[in-house]
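The values are calculated or read from the model by the stated rules, or taken from the named source; none is laboratory data. Treat the numbers as computed from the prediction; the structure is a model and nothing was measured. Cβ placement follows ideal geometry from the backbone for every residue including glycine, while neighbour counts extend to all protein chains displayed.
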């Protein structure tokens, strides 16, 4: 038996749009498409990290978990004989992320694969500490 849908008045219940957090695509769009500068930011001398980010905007973004950690996980497959590190919540150009990750860690490009369906980047071997350190160094 179907239950009748409850109708709420607009003044009582907030709309779903007001309760949602900003989507990752809107964060990416805001990050790469805005050119606004505040008066306080323009009066101060930019630091080295700010000028490096201003010169080369990254075409990718790595999201964080609700506990503000990176979504980097270690996996073991084939009875514990194959070790993998999975990076989740990668948005933007994953191919560029793969190239810069391989260059940053000093590993072969063939050791890093991208699953475009799930958005995960898989690295051969247990490399969680190195990947998290690289992500922090890159400012992601």
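The residue of the stretch 115-134 that is surrounded by the most Cβ atoms within 10 Å (Cβ to Cβ), among those that are part of a helix (DSSP H, G or I) and touching a helix residue (DSSP H, G or I) at 6+ places or on another chain (Cβ under 9 Å), is 131. Filtered by the rule that a residue be within 17 Å of residue 125 (Cβ to Cβ), surrounded by 12 or more Cβ atoms within 10 Å (Cβ to Cβ) and free of Cβ contacts under 8 Å to residues at least 60 places away in the same chain, the stretch 56-82 gives 73, 74. No other residue among 50, 74 is more than 27 Å from residue 116 (Cβ to Cβ) and either outside the structural domain of residue 118 (by TED's automatic domain parsing) or at pLDDT 90 or above (or both) apart from 50. For the stretch 83-101, the tally of residues that are without any contact (Cβ under 8 Å) to a residue 24 or more places away in the chain and within 11 Å of residue 131 (Cβ to Cβ) stands at 0.
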